[in-house]
Amino acid sequence: MSAFHSTISRRDFMKGLGLAGAGFGATAAASPLFHDLDELTASVSDGVAEKWPWYIKEREYLDPTTEIDWDLAKRFNFDTYSNFEAHLTHEEVRRRQDATVALNLENMRQKKLLKTRRDQALKCAGWAHSGTFGDTFTGIDSSAFMASGEEHHEQNWVPDYKFIQAGAPVWEGTPEENARMMRAVCRFAGAAEVAFLDLNEKTKKFIYTGSTDGVTTAFTKELAGYCNYVFEDVDKPYVDISYSPFYFKKQVIPSKYKHAVVFIVREDQRLSRRAPSNIEGASTGKAYQQGELATLRLLTFIRALGYGGVGNGSLGPQLKVAWGALSGLGEQGRLHSLITPTVGPLIRYSATLLTDLPLPVTNPIDAGMHRFCETACTKCADACPGSAIPKDKEPTWDITSPDAAAGNPDHLQPERFNNPGHKRWPLNQFACANYWATSCTSCAVCSATCVFTRENFASVHETVKPLIAMTTAFNGFFFNMDKQFGFGVMPEEHWDDFWDNPLAIIGNNY
Amino acid sequence: MIENYAGTWTWSTLLWSFIAFSLGVGFTLLIGWFREHNIKTAWYDWMLGLAGLALLLYTIQNIIGSLMEIVPKSALMFAMVTGIPSLILLALAWRLVARRAEVT
């Protein structure tokens with residue numbers, strides 16, 4: 001006989017079961033739970049209400065847990081709202097604000113925990129947007145950072161620039177400390193991977209001499225620039241719109257800005273794999289916004305730290321792929337874009353901030369990606385609907401031929417989009433842009449189909465990537481397997497799922 | 001299969017917890033059964049079996065991962081390219097042990 005036995009009889013056990021069941025039924029009837037499966041199903045999966053965890057109950061319409069007297073409630077005049085200044089005299093407001101500035105300065109001088117100048121600068125970056133996005137070249141945002149005279153905001157918080165006016169100590173760190181700091185701020189600001197480089201006679205060759213707003217010189221035949229980027233021995237960057245009798249302007253970069261922060265601006269992979277489509281286009285546009293927002297936050301941070309910087313919106317002044325490859329964020333691939341080790345080329349761009357904040361440099365990387373393009377892969381070229389990507393095995397020093405027929409140009413001027421001086425597969429950017437224009441999408445088929453554009457769920461990717469980096473022996477095999485396994489652009493039958501499956505909530509930076 | 005609410009008990013967590021639990025129970029029962037029936041095993045039996053098991057787990061992970069990445073064809077390919085060999089290895093290991101048990 002077993003050493004373990006129950007002393008409860010079968011009769012008592014059944015009685016217990018019945019009591020428990022009755023108790024459960026009574027509890028269920030008493031609480032406002034789901035009364036049937038239909039109600040349960042409707043509550044959790046009708047696609048209208050948010051999909052809350054099972055233990056959250058739904059109440060009646062207009063009946064929150066805070067009780068409301070609908071007869072007593074009325075519209076509130078927010079115009080007269082005040083949580084500070086209306087309750088004090090003007091003199092007392094000024095006295096308290098001066099005390100706040102003094103306290104802030106003292107905290108910085110004593111380097112109190114999370115109240116140093118660096119932390120204050122981060123706070124400035126977080127508040128950088130307020131109203132306008134400002135200028136991603138100079139980082140000036142009227143609401144967050146303008147300092148003019150002695151006026152005080154008649155509100156409880158003291159504008160962040162006041163501590164700079166009051167003589168806060170400039171942040172000082174070693175280049176390595178600054179690099180770690182900038183990586184933390186970049187992630188906060190909305191960037192992904194971060195690298196660093198310096199501005200010297202070589203890297204200066206990857207700063208545009210001029211740029212265009214994309215419209216002004218669109219229909220001119222001459223190589224005219226809308227604005228010019230020049231270096232001058234000045235203290236701060238500025239824009240001179242009186243540069244020429246016409247509407248040309250110059251954007252001045254101080255010569256002392258010799259260090260660079262280079263960061264990746266990602267885009268939503270899941271949306272961008274629906275290429276080419278308007279959903280992919282939405283992802284592209286949002287990522288450009290994200291890059292400009294990140295740039296503004298970072299410039300605000302650098303200025304609040306006591307240094308200066310110039311940014312790089314979507315149109316310049318730094319060549320994005322060049323700075324990304326030189327600083328070690330990825331390698332240039334066949335599709336002409338930067339291929340990153342983490343998400344392949346499915347990024348929006350690598351942005352660069354020039355600054356006088358002391359920073360180290362990071363070196364280029366070799367993950368076998370450029371080599372993979374050279375030895376085995378033509379997937380992007382095969383998939384390109386505009387026939388804009390060369391299928392030649394080896395890269396070349398040449399630029400796109402003026403006789404290239406893709407896109408049916410009237411008179412192709414490849415010197416307007418290909419810069420000589422590096423060995424690559426020259427992208428016929430007219431053929432690429434022509435497809436954008438004629439398909440009413442932002443295409444991105446090349447990026448979506450690239451073998452390195454992979455999400456991080458299947459572990460096979462982390463098996464393949466190291467092998468590609470270490471040897472070319474399996475490149476042909478991996479290229480063929482990538483095609484056979486169906487990796488690349490998302491199957492079209494899933495494209496419309498976007499409208500029924502909202503994006504996961506992933507935080508404020510992506 | 002990607003949840004919008006990143007709670008603790010995601011489907012992935014539940015599945016791998018179940019697999020881990022099953023493996024623990026399975027190995028315990030298997031070794032107990034070997035002892036009870038006085039079955040001898042060789043080191044290469046275990047090597048083959050563990051290789052097959054590792055490949056099976058790799059297959060399962062990549063099938064699930066491929067479905068999560070919305071690449072259904074890849075899931076099917078993994079089932080064939082690595083899943084079938086894993087079952088073959090496991091079957092081979094089982095046959096080796098069974099054959100030795102029959103002989104003894």
Item to check | Average beta-carbon neighbours from other chains, 10 Å sphere, peptide B:75-81 | outcome: 2
Item to check | Inter-chain shielding of A:474-481 (mean C-beta neighbours from other protein chains, 10 Å cut-off) | outcome: 0
Next on the checklist: Run the simple label-point estimate for residue A:233 and residue A:200 please: 7 Å along Cα→C-beta, distance reported in nm.
Outcome noted: 2.2 nm
Next on the checklist: Modelling each spin label as a point 7 Å along the Cα-to-Cβ direction, I'd like the residue B:67/residue A:109 distance in nm, to one decimal.
Outcome noted: 6.5 nm
Checklist entry - What FRET efficiency comes out for the pair residue A:256/residue A:382, r = Cβ-Cβ distance, R0 = 51 Å, nearest 0.05? => result 0.60
Checklist entry - Could you name the lysines in cross-link range of residue A:205, using Cα to Cα under 25 Å and dropping any fewer than eight places away on the same chain? => result A:221, A:236, A:249, A:250, A:256, A:258, A:320, A:423
Checklist entry - What FRET efficiency would be calculated for the residue pair residue A:413, residue B:34, taking the C-beta separation as r and a Förster radius of 60 Å, to the nearest 0.05? => result 0.20
Next on the checklist: For a quick check: sort A:267, A:193 by the number of other beta carbons within 10 angstrom, fewest at the front.
Outcome noted: A:193, A:267
Item to check | Summed residue charge, Cβ within 15 Å of residue A:448's Cβ, Lys/Arg positive, Asp/Glu negative | outcome: +1
Checklist entry - Leaving out same-chain residues fewer than 8 places away, which lysines sit with a Cα under 17 Å from that of residue A:111? => result A:123
Checklist entry - At a Förster radius of 35 Å, what calculated FRET efficiency corresponds to the Cβ-Cβ distance of residue A:375 and residue A:240, to the nearest 0.05? => result 0.10
Next on the checklist: On a full-extension model of 0.36 nm per residue, what is the gain between residue A:10 and residue A:474, subtracting their alpha-carbon distance, rounded to one decimal in nm?
Outcome noted: 160.3 nm
Checklist entry - Taking K and R as +1 and D and E as -1, what net charge do the other residues with C-beta under 12 Å from the C-beta of residue A:319 add up to? => result +3
Checklist outcome for this item: So for chain B, using the alpha carbon gyration tensor with a ≥ b ≥ c as root eigenvalues (a/c under 1.5 gives rounded; past that, a/b versus b/c decides prolate or oblate), I'd call it oblate
Item to check | Full-stretch length increase - residue A:80, residue A:456 - with 0.36 nm per residue and alpha-carbon distance subtracted | outcome: 130.2 nm
Item to check | Residue mean of other protein chain beta carbons inside 10 Å, A:260-270 | outcome: 0
Next on the checklist: Taking a ≥ b ≥ c as the square roots of the Cα gyration tensor eigenvalues, with a/c under 1.5 meaning rounded and otherwise prolate when a/b beats b/c, else oblate, which class fits the range A:292-374?
Outcome noted: prolate
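Coordinate-derived values only; no laboratory data. Because the structure is predicted, anything quoted here is derived from the model rather than measured. Glycine also receives a Cβ, built like all others from the backbone with ideal geometry; neighbour counts cover every protein chain displayed.
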